[in-house]
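The values are calculated or read from the model by the stated rules, or taken from the named source; none is laboratory data. Given the structure is predicted, the values throughout are model-derived calculations rather than measurements. Cβ sites come from the backbone with ideal geometry, for glycine too, and all protein chains shown count toward neighbours. When the accessible area is computed, the model is the full protein with side chains, heavy atoms only, and any ligands, DNA or RNA have been set aside. Shrake-Rupley method; radii C 1.70, N 1.55, O 1.52, S 1.80 Å.
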Amino acid sequence: DAQILNGAGASDDDDSSAASSGYNNIGNESVEDTFEYDLIENDDLKKIIRATKSKNKKERHTWGGMAPNEWTQPDAEQVLKGLMSFGYNNIPLDSFISSLSLSRSYKREEIKRMCWAIPLLCLYEVAKDNAFVLNESRKRATESNQNDGCSLSQSGMQPQSNKSGDSSADPKDQLRQSLDKLLHENNPWVSKALEDAIAFSKTVPPRDKNFVRDVLDGMYSTKKHSESNEVQSMLTEVFNESIWPALRSRGWKEVEGSKRRFSYQGNTFNSIASVLNILPRHHPEIMKMVDSVISSVSAKCSSDVDVTPALDVKNIAAEDMESFLNNYAPLQLIADRIRAHRIGLSKRILTTLKILHGVHSMVSLADSKLPSDASIRDLNNQLAALIKINSRAARPHPEWTVTHDAILIRAIAKHGWIDRQASVLSIGNDKSIQWGRPFEACADADGRGEEDVKDSDFTDVLLKVAERAASLLNNQSELVHEFRGIQSCNLVKAYCLKRVNELSDKSDEEEGEHPEKTTSIWEVDKDKLSSTKVDNGCEELPPRKQLYLRAKKIILGFIDDSEGDEEEKENLPEEATTVKAPVKRDDHGFGVLDVNCIDNFLLSEMLRGLLKSTSRHSVKSCNLLVTQILDEINERMEECKSDFTATAELEKIKDTVPFYIKTVRKNSRAAKNIVRVMLGIDPVPPKDPADSLFPEMKTKKKKHKN
């Protein structure tokens, strides 16, 4: 093929095999057609072929068909489902294709084409819907203002003029603004989708505008579009009048059959284009006439075929986006938008794609800071360092830690977004995901093995803390009820507490007068606590909805931080935009409790009760709660005396808690900021910027007598 199209020497057999493939199927673009088209050196002839292909191509616009570029609606919906699970271009294309349950095999390029066409079409439709809603609301506002103006005129008052100018707003401007806003919000994944779409547009000619318009208007006629176009008719007419007589006198013959074909020296040529392409080699003496014919036909090619519409990624107009999709997106998908039972494309798809891009960006950023052979424990710790979430946010489980957050994000990147129960089940059934306690007994969240867990003494310590939690609920029930920050239900669930009945303490006289009474007290369920922490049994993962809300909050927070960082980096030098390791939260000189440790959960709940205290609480109640907190700190310091870091932080907290009681009545916000820092929460800034963030710690100086 290459030798014939380039005019190189070849045997008659080669000529025959190449010529027979020809351009006999102009309206049906195949791999061979594309290959021969690329080998043609005459630009005008290329121009003619593109015009005839774009005009004559009969592309299926209804779902179904068995051609490589023809889709069924369920398979297209499978691609959308895959995008909603993994996002756009977040995983290798081959892995994405293997995750789809398609009814038959499609070309890799066609699957990729459908991948960028669906989200871009969704983006454009959401922009149109937003612009329509805005225009309708402005019309109603304008009508309301006009009615009010008529009422005021009848009453003799002068109506106020509409200074906003919204009534005369151009709908096209509203569509452009809506599209620009969506492009900015979804820029991370949209930019890649546009790059792939533009790259695809350079490999195929655009569609006939009239053909697409008739399909979308429901006026498509097979007979109308089966007729040859103007360029093809002119080429046939000029060829018959000027070139064919000269070729026939040189031994060319026309082959009989349903389609017009030509033969020369035993070789068969299936189209006029293939004949014109081979003439420079066989008949150079008539090339002047041939070039004149090609130039005249090329001049008649319409401009909409000559110039391929292109998108300016930095400045995309709504009209350009619509024209581009009509030209290069799968026609079956474009025509599906006029049907009653069409594929649902809503703003939820854009939000999910944005979140999934944040999931994979977060994992990639964490992994890039460590060597490729880093352990899963180090990878999860690095990912956990990127997570910024308010410690007061709802947790899926009382023992849920930031390490569990990191494991959840990494599991979503592997198994897909958890808006469907199937993804949650895949995550739960994946034995390679090490959740750690309390969801896994063989290894904890830090990657320790089963033997390490059994050898450690955390169960004995945990039992002691659980008994103190039960004692607090039994002996200080009124205090727990008064300070709503102490969530008794969380203590019960975290430390496996249960209610048991106990005989009330009464004298013999009372027992003779009244029947025996029992009281309900809290007690540690040692069997459940032991089986949850050490034995093979383990707790189930939290429900899908709780995991979904937690993951969504984490990712949206990461995206907001990333977008804020990008805006700040725009005016910085290149050296200042390098990625740095996450900065540790500022402790402001106060002690910070490790709230992710289950052994500190009781202490953290009591500190939260102190944080949510109000002026309605009496000084006596606050002092009693502080006493309970100091006692718990002393117990924890004794239990973790081998951990010097934890002991030092507890010592700081112990020294600071009494200072809170002294200052909370004078400046509640500043005093509570101390407790916030202890719990790892950012302090609340004062209303007056001149005020201090924390109360001043004054030291009394002793006066010496002379």
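Can you tell me how many residues within segment 387-410 are of a type in the set (A, V, I, L, M, F, W, C) and open to solvent by 30 Å² or more (accessible area, probe 1.4 Å)?
The qualifying residues number 3.
Residue under question is S372, and the condition is that it be of a type in the set (S, T, Y) and at pLDDT below 90; does it hold? Before you say what the answer is, go through the steps one by one.
Working: of a type in the set (S, T, Y): yes; at pLDDT below 90: yes.
For S372, the condition - of a type in the set (S, T, Y) and at pLDDT below 90 - is met.
Could you tell me which residue of segment 296-309 is modelled with the highest pLDDT, considering only residues that are open to solvent by less than 80 Å² (accessible area, probe 1.4 Å) and outside any helix (DSSP H, G or I)?
Among them, the one singled out is C301.
Which of the following residues is under 22 Å from P683 (Cα atoms) and either open to solvent by less than 90 Å² (accessible area, probe 1.4 Å) or at pLDDT below 70 (or both): V534, V595? Give the steps one after another, and end with the answer.
Details: V534 fails: under 22 Å from P683 (Cα atoms).
Result: V595 is the single residue among V534, V595 that is under 22 Å from P683 (Cα atoms) and either open to solvent by less than 90 Å² (accessible area, probe 1.4 Å) or at pLDDT below 70 (or both).
Filter segment 593-617 for residues that are over 15 Å from Y660 (Cα atoms) and in a loop (DSSP other than H, G, I, E, B); which is nearest to the chain's Cα centre (by Cα)? Break it down stepwise before answering.
Within segment 593-617, the first condition is being over 15 Å from Y660 (Cα atoms), and the residues that meet it are 593-605, 616.
Filter again for in a loop (DSSP other than H, G, I, E, B), leaving 593-597, 616.
On the way: L593: 34, D594: 31, V595: 30, N596: 28, C597: 31, R616: 46 Å.
Out of the qualifying residues, it is N596.
From (1) surrounded by 13 or more Cβ atoms within 10 Å (Cβ to Cβ); (2) modelled with pLDDT of 85 or more; (3) of a type in the set (D, E), pick out the condition that doesn't hold for E319.
Of the numbered conditions (1) surrounded by 13 or more Cβ atoms within 10 Å (Cβ to Cβ); (2) modelled with pLDDT of 85 or more; (3) of a type in the set (D, E), the odd one out for E319 is (1).
Mind checking which pairs have a first residue in segment 520-537 that is farther than 20 Å from C489 by Cβ and assigned to a loop (DSSP other than H, G, I, E, B) and a second that is β-branched (V, I, T) and modelled with pLDDT of 60 or more, Cβ under 8 Å, 6 or more apart or different chains?
Within 8 Å, the pairs are V534/T459.
Restrict the check to segment 653-662 and report whether at least one residue is open to solvent by 50 Å² or more (accessible area, probe 1.4 Å) and closer than 29 Å to D460 by Cβ.
yes
When you scan segment 75-92, how many residues do you find that are closer than 18 Å to K107 by Cβ and free of Cβ contacts under 8 Å to residues at least 60 places away in the same chain?
Summing the residues that are closer than 18 Å to K107 by Cβ and free of Cβ contacts under 8 Å to residues at least 60 places away in the same chain in segment 75-92 gives 5.
Of these, F211, F262, which one is at pLDDT 80 or above, of a type in the set (F, W, Y), touching a Phe, Trp or Tyr at 6+ places or on another chain (Cβ under 8 Å) and outside any helix (DSSP H, G or I)?
The conditions single out F262.
Yes/no matrix, rows are residues, columns are (1) open to solvent by 10 Å² or more (accessible area, probe 1.4 Å); (2) among the small types (G, A, S); (3) part of a helix (DSSP H, G or I); (4) at pLDDT below 90:
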site: R281; (1), (2), (3), (4): yes, no, yes, yes
site: V290; (1), (2), (3), (4): no, no, yes, yes
site: L311; (1), (2), (3), (4): yes, no, no, yes
site: F324; (1), (2), (3), (4): no, no, yes, no
site: A335; (1), (2), (3), (4): no, yes, yes, no
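Scan segment 603-610 and give yes if some residue there is modelled with pLDDT of 85 or more and in contact with a Phe, Trp or Tyr (Cβ under 6 Å, 6 or more places away or on another chain), otherwise no.
Checked segment 603-610: at least one residue is modelled with pLDDT of 85 or more and in contact with a Phe, Trp or Tyr (Cβ under 6 Å, 6 or more places away or on another chain).
In segment 612-634, what residues are at pLDDT 85 or above and open to solvent by less than 50 Å² (accessible area, probe 1.4 Å)?
Within segment 612-634, S621, C622, L625, V626, Q628, I629, L630, E632, I633 qualify.
Working only within segment 435-487, note down all residues that are among the acidic types (D, E), modelled with pLDDT of 80 or more and touching a helix residue (DSSP H, G or I) at 6+ places or on another chain (Cβ under 7 Å).
Answer for segment 435-487, where residues must be among the acidic types (D, E), modelled with pLDDT of 80 or more and touching a helix residue (DSSP H, G or I) at 6+ places or on another chain (Cβ under 7 Å): just E482.
Against the condition surrounded by fewer than 19 Cβ atoms within 10 Å (Cβ to Cβ), among the hydroxyl-bearing types (S, T, Y), modelled with pLDDT under 75 and over 30 Å from V359 (Cβ atoms), how does S30 come out, does it pass?
yes
Please specify each residue of segment 96-141 satisfying the condition of being aliphatic (A, V, I, L, M), under 21 Å from the mean Cα position of the chain (by Cα) and either part of a helix (DSSP H, G or I) or surrounded by 19 or more Cβ atoms within 10 Å (Cβ to Cβ) (or both).
I97, I111, M114, A117, I118, L120, L121, L123, V126, A127 - these are the residues of segment 96-141 that are aliphatic (A, V, I, L, M), under 21 Å from the mean Cα position of the chain (by Cα) and either part of a helix (DSSP H, G or I) or surrounded by 19 or more Cβ atoms within 10 Å (Cβ to Cβ) (or both).
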